[in-house]
Amino acid sequence: MWFVFALLSAVFAALTSILAKIGIENVNSNLATAIRTVVVVALAWGMVFLTNTQSGISGISRKSWIFLILSGVATGASWLCYYRALQIGEASKVVPIDKLSVVITLILAFVFLHEEFTARSLIGCILIGAGTLVMVL
């Protein structure tokens with residue numbers, strides 16, 4: 001089931017890029033990011049209440065709070081940079097560079113989470129990096 005959700009994530013991410021590129025025309029990228037964020041917040045809390053999981057807030061540990069907040073800061077910084085890049089660049093070049101996050105995530109997962117970094121992972125990282133260069137040059 002994780003694969004289905006991951007694939008849907010990729011489809012929605014692709015739609016996000018195209019819809020954002022159209023939507024930010026003549027709109028400040030920071031304002032556009034703020035509008036997008038309000039929509040995301042509404043959808044996320046809607047799902048919390050729809051699935052009746054709001055009572056889980058009290059069970060969140062201090063460590064989880066810290067890392068969820070840091071993740072939120074990283075997400076916000078990513079979105080602000082992404083929207084600015086989309087506003088001034090071509091989506092067909094911005095998106096592949098943004099997807100280098102796959103390579104960076106694999107490296108960080110190896111270093112900080114001690115996840116396995118196999119020959120297959122290394123080859124995949126090299127191919128993604130090379131593919132990105134081919135697409136943006």
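The values are calculated or read from the model by the stated rules, or taken from the named source; none is laboratory data. None of these values were measured; they are calculated from a predicted model. Positions of Cβ are backbone-derived with ideal geometry, glycine not excepted, and every protein chain shown enters the neighbour counts.
Does any residue of the stretch 76-89 turn out to be exposed (fewer than 12 other Cβ atoms within 10 Å of the Cβ) and either within 25 Å of Ala14 (Cα to Cα) or outside the structural domain of Gly23 (by TED's automatic domain parsing) (or both)? Step through it out loud before you land on a result.
Filtering the stretch 76-89 down to residues exposed (fewer than 12 other Cβ atoms within 10 Å of the Cβ) leaves 77, 88.
Filter once more, keeping what is either within 25 Å of Ala14 (Cα to Cα) or outside the structural domain of Gly23 (by TED's automatic domain parsing) (or both): 77, 88.
Scanning the stretch 76-89, I find at least one residue that is exposed (fewer than 12 other Cβ atoms within 10 Å of the Cβ) and either within 25 Å of Ala14 (Cα to Cα) or outside the structural domain of Gly23 (by TED's automatic domain parsing) (or both), so the answer is yes.
For a quick check of your reading of the model, give me the residue pairs whose first member lies in the stretch 112-136 and is β-branched (Val, Ile, Thr), whose second is surrounded by 13 or more Cβ atoms within 10 Å (Cβ to Cβ) and in a helix (DSSP H, G or I), with beta-carbon atoms closer than 8 Å and at least 6 apart or on different chains.
Matching pairs, first to second residue: Ile128/Val102; Ile128/Val103; Thr132/Pro96; Thr132/Ile97; Val136/Lys93; Val136/Pro96; Val136/Ile97.
For the stretch 111-128, enumerate the residues that are of a type in the set (A, V, I, L, M, F, W, C) and either loosely packed, with under 15 Cβ neighbours inside 10 Å or in the same structural domain as Asn26 (by TED's automatic domain parsing) (or both). Give the derivation first.
To start, the set of residues in the stretch 111-128 that are of a type in the set (A, V, I, L, M, F, W, C) comprises 111-113, 117, 119, 122-123, 125-128.
Within the stretch 111-128, Val111, Phe112, Leu113, Phe117, Ala119, Leu122, Ile123, Ile126, Leu127 qualify.
Can you tell me which residue in the stretch 13-33 is farthest from the chain's Cα centre (by Cα), limited to those that are in a helix (DSSP H, G or I) and under 13 Å from Arg84 (Cβ atoms)?
At the first step, the residues of the stretch 13-33 found to be in a helix (DSSP H, G or I) are 13-23, 29-33.
When the remaining residues are screened for being under 13 Å from Arg84 (Cβ atoms), the result is 20-21, 29-33.
On the way: Ala20: 14, Lys21: 16, Ser29: 17, Asn30: 17, Leu31: 18, Ala32: 16, Thr33: 13 Å.
Filtering first and then ranking leaves Leu31.
Residue by residue, here is whether (1) farther than 23 Å from Val134 by Cα; (2) modelled with pLDDT under 95 holds:
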residue	(1), (2)
Met1	yes, yes
Leu15	no, yes
Ala20	yes, yes
Glu25	yes, yes
Thr37	yes, no
Val48	yes, no
Ser58	yes, no
Ala91	no, yes
Ser101	no, yes
